[in-house]
1. Enter the Cα centre distance for the pair the stretch 239-257 and the stretch 170-219, rounded to the nearest angstrom.
2. How many nm is it between the label spots at ARG399 and ARG291, if each spot is 7 Å from the Cα in line with the beta carbon?
3. Any idea how far the Cα center of the stretch 133-163 sits from the one of the stretch 15-87, in Å?
4. Give me the lysines in straight-line cross-link reach of LYS242: C-alpha distance below 29 Å, same-chain residues under 8 apart excluded.
5. Which order, highest average first, do 424-431, 154-161, 125-132 follow once you tally other Cβ atoms within 10 Å for each residue and take the mean per peptide?
6. Students often get this wrong, so try it: which of (i) 37, 27, 21; (ii) 38, 35, 20; (iii) 33, 25, 23 is semi-axes √(5λ) of the Cα gyration tensor in Å as calculated from the structure shown?
7. For the stretch 116-222, what Kirkwood radius comes out of the mean inverse Cα-Cα distance, in Å?
8. What ranking do 133-146, 301-314 get when scored by the average of other Cβ atoms within 10 Å per residue, highest first?
Amino acid sequence: MLSLEQQVKRTIGVHHLLGSGDHVLLALSGGSDSVALLRVLLVLRQQFKWRVSALHVNHRVRGLESERDEQFVRELCERFRVALRVEHLEPESQVGNLEAVLRKLRYGRLVRHAGSCGAVVATGHTLNDQAETLLLKLVRGAGPAGLAGIHPRIRKLDIASGRQISIVRPLLQCTRQAVLSYLEQLEQSFREDSSNLDLGNDRNWVRHRLIPRLADRLNPRVVENLGRSAEISRNLAEFTEKTARELFGGLRLEEKDDLLFEIDHLNCLPLALRNELFRIAFLECRGPRNRLDSRHLEALNGLLTQGSGREITLPGGWSAIREFGRLRFHGNPDPPFFEKEMRIPGRINVKEVGKQLEIRRVTAVEAAEPEQAVIAGQSLTVRNRRPGDRLEYSGRMRRLKTLLQEKRIPRTARNSLLVVESDGRIVWVEGLGPTEGFRPNRERQGVLVEFEVKHLPD
């Protein structure tokens, strides 16, 4: 049996999670999984010449327990001389799934910090997390992509830097018991999150009630077998997506902003490939915020057997129309014109594009962040982009349209980007950050501010 360090090394190699010389930013909660991953990374870092740092997010939702978690993490990183960044965040609203809200905030800060320092984010997800995820998704009716569970490696875009940030899970093939045994051998303490014992939480119930019963009654290796099933599903989903993307390039037709497909070509495809093609087409139209569910896919397939002129409604203001021998994805209306005044500091909801912009004052000690700028006045204008917009970039005036193309920001997202203006000059653009004339330096006078964009609830 492989040791935990050997298994992590094998997982990293098989899935190409990390390369020599990478900067690894560990999401360090203080729990057993993240602490074990820290100790493993410290053992392996000399061999692979990694730079290891950590980020701890204190959401302050568990009172004194949260503060003690933070103190534990600080002492742990000081002991092993690991650079640590601590973020204090509190959810603005308790509405909805609090755990999901906290996870979104946490990942947002991880991606943002990784983008600013060129790091790969590492999280402590284990094989048990994979098994729990698979069971939850299976019961809720997920398809092959959902049953793939937690992926060893995913990418998220950091808008501030324009970088695609890798998030890797080196412990994903290690059981939680192996993690605990490893920590016991090292005599390494860790923090217990009391909220993990709340059986009102579905994942906790699956962890503490369902999986132990399945192990006792049906198979003591249920966690390993569920992990293997997730891997098989992931391989099948990746093959289907890859094949569909190759077909998409040859089958798509374009007419202005619409996508069209010949129905005879679609009918020749197996159902799984056709559904994946529909997902890719809609992603191309609307971007990652809108997804097709099983009802939409069933309706799209139904159009292939119906008469010309039949139409169905899709999310985000789009529709699909049967036009004789073609299927047309139609829509993508530009967001309405908007222009709003806001003060510093301030927060504004831009309902036209479903976003919220917050501008905060920060101190000079916190300078050098990619989203910071120096503003001379107290009021700003928030608007969407206009034809002919130009801004200071790389020492000269550049067209905003050209810069968005160079940053590979999807065409469908460009008209909903937020632009901040002061006295007719562009200060900051979502996805690009502050313009050169407003970036902090010793000579520039004014108020140092920081920008943050959040999506409004649908």
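Rule-based calculations on the coordinates, nothing more; no lab input. Keep in mind that this is a model prediction, so the values were computed, not measured. With ideal geometry, Cβ positions are generated from the backbone for all residues, glycine too; neighbour counts draw on all protein chains shown.
1. 42
2. Placing both labels 7 Å along Cα→Cβ, they lie 3.7 nm apart.
3. So the separation of the two Cα centres works out to 23 Å.
4. LYS9, LYS104, LYS137, LYS156, LYS256, LYS407
5. Per-residue mean Cβ counts within 10 Å order the peptides as 125-132, 424-431, 154-161.
6. So the structure-derived entry is (ii).
7. So the Kirkwood estimate lands at 16.1 Å.
8. The most tightly packed comes first, giving 133-146, 301-314.
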